[in-house]
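Just below is one structure, and these are the notes that go with it.
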Amino acid sequence: MTGLQQSVDSANAIILSFHVDYWNDLGWKDPFSRPEFAERQRLYKQYGISDGIYTPQLIINGKSAFTGGNGARLAREVTALRQKTFPALIALNTETLTDGKLKINYTVSGTENECVMNFAIVTSGDTTEVKAGENVGKRLISVNTVRMFSYKLLEGKSGSILMRLPDNVLLADLRLIVYAQNTSGAEVLGVAMKSLEN
């Protein structure tokens, strides 16, 4: 993942790593996997964006999907995105509550599209030593690991949502990534990112 991170960062793109759970019965359980992340991958197939369910899979801008090992295509896709104007401008304000939840206030401007707001609380540079299974002995590094995820339909131009913060993770190690997707085709319309340290 290190090379992927470097090539994408150079284009000012944002990676989200959704860890799926359907390999967990092969001798090693991915500690970051969630069944809802696998279901999200299945929805991309259902909507015709992806032609299959596999890992590693890259989904770019909610519009195209291909294997994570295809570095040449990744470079082409990200280069094309650098020329694209994203219409939605997202402003964020957050408040950490005493019950272990995060209140997220958001406003969206610049687009008339009906959209879904996606909220990902992530950590970066997570390292896992694999003790069993086909990757036994390997040291896996994950970029922007999605720890918590939620979504809701944008109603009007602003809204708020409560999300539970992940256990045993310092606020300084967390970032919030929020992105809007067109409801008619899952294309990403805009994105914002915020540290949760302050």
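Read the figures in this text as sums done on the coordinates, not as results from a lab. On a predicted model such as this, the values are computed, not experimentally measured, just so you know. Here Cβ is always computed from backbone atoms with ideal geometry, including for glycine, and neighbour counts include all displayed protein chains.
Couple of notes before you dig in:
- Separation between Cα centres of segment 170-198 and segment 82-158, rounded to whole Å: 4 Å
- Listed residues ASN105, LEU81, ILE59: farthest to the positive end of the dipole of segment 7-112 (Cβ charges): LEU81
- MRE, 222 nm, helices only [DSSP H, n ≥ 4, -39500 (n - 2.57), over the chain, to nearest 500]: -5000 deg cm²/dmol
- Take the convex hull of the alpha carbons in segment 118-198; its mean projected area over all directions comes to 7.4 nm².
- Segment 24-89 - convex hull of the alpha-carbon atoms, volume per residue in Å³: 132 Å³
- Segment 7-87, relative contact order [Cα under 8 Å, separation at least 6], %: 23 percent
- Among ILE59, ILE161, ILE121, the largest mean-square fluctuation in a Gaussian network model of the chain (Cα springs under 10 Å) belongs to ILE161.
- Between GLY125, GLY159, GLY27, the Gaussian network model of the chain with springs among Cα atoms under 10 angstrom shows the greatest mean-square fluctuation at GLY27.
- In straight-distance terms, cross-link reach from LYS101 covers every one of the lysines whose alpha-carbon lies under 27 Å from its own, apart from those fewer than eight places away in the same chain; here that gives LYS29, LYS152, LYS157, LYS194.
- More than 20 angstrom apart: percent of Cα pairs within segment 51-140: 64 percent
- 17 Å reach of a label modelled at ASP167, 7 Å along Cα-to-Cβ, counting backbone N of segment 29-43: 30-35
- Once the Kirkwood radius over Cα pairs is known for the chain, the Stokes-Einstein relation at 25 °C and 0.890 mPa s delivers a diffusion coefficient of 138 µm²/s.
- Stretch gain in nm, segment LEU97-LEU153, where the contour uses 0.36 nm per residue and the Cα spacing is subtracted: 17.8 nm
- Highest GNM mean-square fluctuation among ASN113, ASN135, ASN61, for the chain modelled with Cα contacts below 10 Å: ASN135.
- The calculated FRET efficiency for GLU187 paired with VAL136, based on their beta-carbon distance and R0 = 25 Å, is about 0.05.
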